[in-house]
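Peer 1: Attaching a single structure in structure tokens format; questions to follow.
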Amino acid sequence: MSGNAPDNFEQRLRRGRLAGPPAALADRILSAAPPSPPHSCPRAGTWLALATGLVVAATAAINSAIDSSGPSGPAPVSPICIAVQPPMPGLSSLMVCRPQAPAPVDWKTLQKERHDLEAMIGS
Amino acid sequence: MRHSGKTITLADLYERYAPSLYAYARLLSRSPAEAEDVVQSCFVRLAVQLDRLAEVENQRGYVLTVCRNEAFRNRSRWRRWWDGDLACGTVQFEETESGAPPEPENHEAISRAMTELPPEQREVVFLKVWQDLTFAEIAELLGISPNTAASRYRYGLEKLKGLLEHER
């Protein structure tokens with residue numbers, strides 16, 4: 001093989017169509033047509049808001065949810081959704097939902113999720 | 001965001017890059033669920049820097065880099081699964097209605113053979129064959145020289161060919 005020119009074997013490999021993302025992923029990522037207030041998330045219970053490029057963690061709601069369920073009971077929210085509001089025209093907000101948890105989320109998991117999300121967006 | 005003189009929405013961006021990002025994330029992830037998380041994280045990052053994206057010359061290379069960084073970040077978040085190899089997945093092909101891979105290539109065999117390649121070769125082969133990147137673009141994405149990219153590709157492709165011939 002020389003340079004960037006594909007050989008026959010490479011061309012044969014290219015014939016395969018790669019599996020695309022599941023439709024549900026598009027829903028998770030793009031379901032936030034503007035305007036998208038927190039209440040529009042059908043599965044949302046907890047929100048983190050990112051406004052004008054800065055992350056503002058809406059910890060009150062999540063803490064309230066954690067407190068109301070207690071350290072041993074299941075948290076009443078799953079999955080966690082975050083609202084992103086990039087400062088740009090044509091897209092006032094973006095809603096991102098975590099995948100549905102297979103089992104009720106306990107308060108420790110919820111706390112960890114929150115920290116992970118904050119770290120992910122804030123880093 | 002403007003690209004090629006036309007305003008691009010996040011939906012446009014998703015339509016344009018999600019298939020590539022998902023396929024790349026599958027290569028860099030251990031499971032479809034992990035790959036979905038990586039792609040989602042990508043778009044969260046891309047959404048807050050769409051205006052900056054407009055200035056990027058190689059937009060495709062840029063979003064693939066974001067994907068790779070997110071895969072790294074995702075992996076380091078779950079340290080107990082980290083074994084140092086980022087390209088721990090493989091290529092996944094579309095299935096036909098019957099569930100059988102279409103002729104003439106046995107895609108299942110290709111997926112299997114790809115997992116036999118060393119991760120650094122696997123990633124280069126994937127980026128060259130299925131993402132259609134040049135060696136210069138691959139080199140920039142992976143932080144290696146174009147010669148190293150070409151060399152990894154050559155060895156990877158030879159090994160892949162041998163593995164597939166062995167399967168026949």
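What follows draws every value from the coordinates through simple rules; no lab data is involved. This is a predicted model, so every value here is computed, not measured.
Peer 1: Starting at the first residue of the stretch B:58-73, write each ³J(HN,Hα) from the Karplus equation 6.51 cos²θ - 1.76 cosθ + 1.60 with θ = phi - 60°, in whole Hz, x for Gly and Pro.
Peer 2: 9, 5, 5, x, 5, 5, 5, 5, 4, 4, 5, 4, 5, 5, 4, 4
Peer 1: Here is a follow-up. Could you derive backbone 3J(HN,Hα) for the stretch B:125-138 from the dihedral phi with the Karplus parameters 6.51, -1.76 and 1.60 (θ = phi - 60°), listing whole Hz in sequence and x where the residue is Gly or Pro?
Peer 2: For the stretch B:125-138, the Karplus curve yields 4, 4, 5, 7, 7, 9, 10, 6, 8, 7, 4, 5, 5, 4 Hz.
Peer 1: Applying the Karplus parametrisation 6.51 cos²θ - 1.76 cosθ + 1.60 with θ = phi - 60° to the phi angles of the stretch B:29-45, what ³J(HN,Hα) value in whole Hz is obtained for each residue in order, glycine and proline being reported as x?
Peer 2: Using θ = phi - 60°, the values come out as 10, 8, 8, x, 5, 5, 4, 5, 4, 5, 5, 4, 4, 4, 5, 4, 5 Hz.
Peer 1: Using modelled backbone amide H atoms (1.01 Å from N, in-plane), which distant-in-sequence or interchain residues come within less than 5 Å of B:Leu28's amide H?
Peer 2: Residues meeting the amide H criterion: B:Gly89.
Peer 1: Could you list which residues have their amide H under 5 Å from that of A:Leu18, counting only those 5 or more apart in sequence or on another chain, with H placed in the peptide plane?
Peer 2: So A:Leu18 has HN proximity to B:Glu94.
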